[in-house]
Structures are given as structure tokens and as C-alpha cells.
Amino acid sequence: MTRSDLVEELAARFSQLTHRDAEFAVKTLLDAMGDALVRGHRIEIRGFGSFSINRRPPRMGRNPRSGESVAIPEKRVPHFKPGKALRETVDARTQELLTVTKSS
């Protein structure tokens, strides 16, 4: 699902929201989440999952073309850990789809 798909879904589910309002709501939510992660905060959405920042230490890599060693600096990367409810829902619905597909 893309950002525009999310906007479309939100506008379709809530008829009182215009497309522009739905787009603004999605942008505001994603911006707020991004800002919180930049500040080093953890985001937890109960039943869905949590977002946090992981640190990747500096390391030595290799340029695939020349084979020469390259120093890769430390990075901070976003990490998502799904919640138990989301994992169980995805697993159950995936099993349902597989069962329906096999019986067809």
C-alpha cells in the first residue's frame, strides 16, 4: 500500500473527510512520527507495533567494482516491530487465504 492508497482508503471509509483532508491527516501523522524518531523517541501503537531507532556501528565494506575497502560510517535506521495482535491477525488471515486458494 502506498501513501496515496492510504489517503484513498481513509477518504473512502470516512465520507465526511474530503480527499484533501484525508491527505492532510496522513501527511500530519507521518510527519509527526518522523519527527519523533528523529528526536530519538520510540513510537508505540498498541495492537499494531512499535517504531524505534537502531544504531548500525561503523564498519569496513568493499566496493563491488574495484574490490577496494571502504569505510562505512555509523548510521541510525528506523526499525518496526509488529505487535502481537498484528502478527496474529496477519497469520490468521494469511492462513485463510491459503486455505481458500488451495480449495479452489
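Observations, loosely collected:
- Taken together, D35, D91 contain a single residue that is within 22 Å of L10 (Cβ to Cβ) and of a type in the set (D, E), which is D35.
- Inter-residue pairs, beta-carbon under 8 Å, first within 25 Å of I53 (Cα to Cα) and in the range 9-33, second basic (K, R) and exposed (fewer than 12 other Cβ atoms within 10 Å of the Cβ), 6+ apart: V26/R3; L30/R3
- Residue ranges of strands (runs of 3 or more DSSP E) in the range 56-102 with at least 1 members open to solvent by 100 Å² or more (accessible area, probe 1.4 Å) and out of contact with any Pro (no Cβ under 6 Å at 6 or more places or on another chain): 59-62, 75-82
- Number of the condition not met by Q16 [criteria: (1) over 15 Å from the mean Cα position of the chain (by Cα); (2) part of a helix (DSSP H, G or I)]: (2)
- Summed over the range 33-47, residues that are open to solvent by 90 Å² or more (accessible area, probe 1.4 Å) and part of a loop (DSSP other than H, G, I, E, B) total 4.
The values are calculated or read from the model by the stated rules, or taken from the named source; none is laboratory data. Since the structure is predicted, the reported quantities are computational estimates derived from the model, not experimental observations. Counting neighbours? That spans all protein chains shown, and the Cβs are built from the backbone with ideal geometry, glycine included. We work out accessible area using only protein heavy atoms, side chains counted, and drop any ligands, DNA or RNA first. Shrake-Rupley method; radii C 1.70, N 1.55, O 1.52, S 1.80 Å.
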